[in-house]
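Shown next, in structure tokens, is the structure this report addresses.
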Amino acid sequence: MPIQSLSCEACEAELGFLPSDLAMVELSATGVSVGGEPWITCANRGWECNWLLPADAGTARCFCCRLTRNRPAS
């Protein structure tokens, strides 16, 4: 069983980890809006990264992935 989830096992809704709230949130096709500010998925979602980052962060990778030099073994 994976440590993180990209979707809900019960309803199959796409999920993302919102680090500012330490919470999993449901994603729409365009990401998620928190406090009126847009958040987007990490560019490493293909690596099963479920973190979100502010749309205006100036980077496509989340804080966690910016610290990772090599993809961890699955």
Enumerate the pairs (first residue in segment 37-59 and within 18 Å of LEU22 (Cα to Cα); second residue anywhere and open to solvent by 70 Å² or more (accessible area, probe 1.4 Å) and in a loop (DSSP other than H, G, I, E, B)) with beta-carbon separation below 6 Å, excluding pairs fewer than 6 apart on the same chain, so at least 6 apart or on different chains. CYS42/ARG61
Top-ranked residue of segment 7-38 - restricted to ones that are among the β-branched types (Val, Ile, Thr) and part of a strand (DSSP E or B), ranked as surrounded by the fewest Cβ atoms within 10 Å (Cβ to Cβ): VAL34
Within segment 47-64, restricting attention to residues that are closer than 17 Å to LEU15 by Cβ and open to solvent by less than 70 Å² (accessible area, probe 1.4 Å), which residue is modelled with the lowest pLDDT? CYS64
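The values are calculated or read from the model by the stated rules, or taken from the named source; none is laboratory data. Quick caveat, the model's predicted, so the values are computed rather than measured. We place every Cβ from the backbone using ideal geometry, glycine too, and count neighbours over all the protein chains shown. Calculation scope for accessible area: heavy atoms of the full protein, side chains included, ligands and nucleic acids excluded. Shrake-Rupley method; radii C 1.70, N 1.55, O 1.52, S 1.80 Å.
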